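A short worksheet on the structure shown next.
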Amino acid sequence: MLLRYFLQYNPRDYWNGWVSFTLQNAERQRHPDWAWHTFPLNRSLMFSWVNYYRLPRKYEIGIKYRYMSGLPYTELDLENGRVGAYNARHYVAYNRLDLRISKGITIRERTKMHFYLEAWNVFNTPNMFYRDSETEKMVNIGFEIPTTAIFIGLDWEF
């Protein structure tokens with residue numbers, strides 16, 4: 001099963017963005033005689049929203065939100081030496097909100113610069129800790145940035 005929806009909008013010269021939604025179930029079979037199981041990178045639900053606003057005096061604001069259902073995993077009981085059904089459990093969903101504000105600067109007719117301040121993972125969602133979606137128990141640790149990250153930068157076109 002697969003359902004994808006993508007909507008790009010541009011209602012005004014100063015406002016644009018897009019929304020995407022995916023609903024799927026990815027399974028695989030490792031050998032023709034073996035059972036089908038959930039694919040290890042299956043994200044059954046994904047939602048993205050990106051919004052961009054151009055304000056007066058060459059200021060710009062960007063908002064980006066992403067939600068993805070948790071990846072499947074195989075439960076391991078190390079104390080009792082048991083392995084659960086392959087990819088039968090799921091981690092807690094991943095979500096993140098990023099914000100950006102920038103100021104445009106024109107030096108010459110063809111040289112433009114943007115000074116910007118960007119914040120990733122604004123609500124400090126602990127995406128680094130993989131918790132079980134049902135029990136909320138931590139079962140693994142990942143490499144995602146676990147805290148809000150702030151960036152200050154300058155880009156230019158010439």
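The values are calculated or read from the model by the stated rules, or taken from the named source; none is laboratory data. All values reported here derive from a predicted model rather than from experimental measurement. Heads up, the Cβs are rebuilt from the backbone with ideal geometry, glycines too, and the neighbour counts pull from every protein chain shown. Surface areas here come from the heavy atoms of the whole protein model, side chains and all, with no ligands, DNA or RNA. Shrake-Rupley method; radii C 1.70, N 1.55, O 1.52, S 1.80 Å.
Annotations for the structure displayed:
- Listed by first and then second residue, the pairs linking a residue in region 28-41 that is in contact (Cβ under 8 Å) with a residue 60 or more places away in the chain to a residue that is assigned to a loop (DSSP other than H, G, I, E, B), with Cβ atoms under 8 Å apart and 6 or more places separating them unless they lie on different chains, form an empty list.
- Residues being over 30 Å from residue 132 (Cβ atoms) and of a type in the set (Gly, Ala, Ser) - total across region 92-117: 2
- Answer residue from region 96-131, given it is of a type in the set (Val, Ile, Thr) and closer than 19 Å to residue 52 by Cα and is modelled with the highest pLDDT among those: 101
- Among residues of region 43-89, those that are surrounded by 14 or more Cβ atoms within 10 Å (Cβ to Cβ), basic (Lys, Arg) and part of a strand (DSSP E or B), counted: 4
- The number of residues in region 90-112 being assigned to a loop (DSSP other than H, G, I, E, B) and either open to solvent by 90 Å² or more (accessible area, probe 1.4 Å) or not polar (S, T, N, Q) (or both) comes to 6.
- Near pairs, Cβ below 9 angstrom, 6+ apart or cross-chain, from region 132-158 (at pLDDT 80 or above and open to solvent by 100 Å² or more (accessible area, probe 1.4 Å)) to any residue that is assigned to a loop (DSSP other than H, G, I, E, B) and of a type in the set (A, V, I, L, M): 156/107
- The set of residues in region 19-42 being part of a strand (DSSP E or B) and open to solvent by 80 Å² or more (accessible area, probe 1.4 Å) consists of 27, 28.
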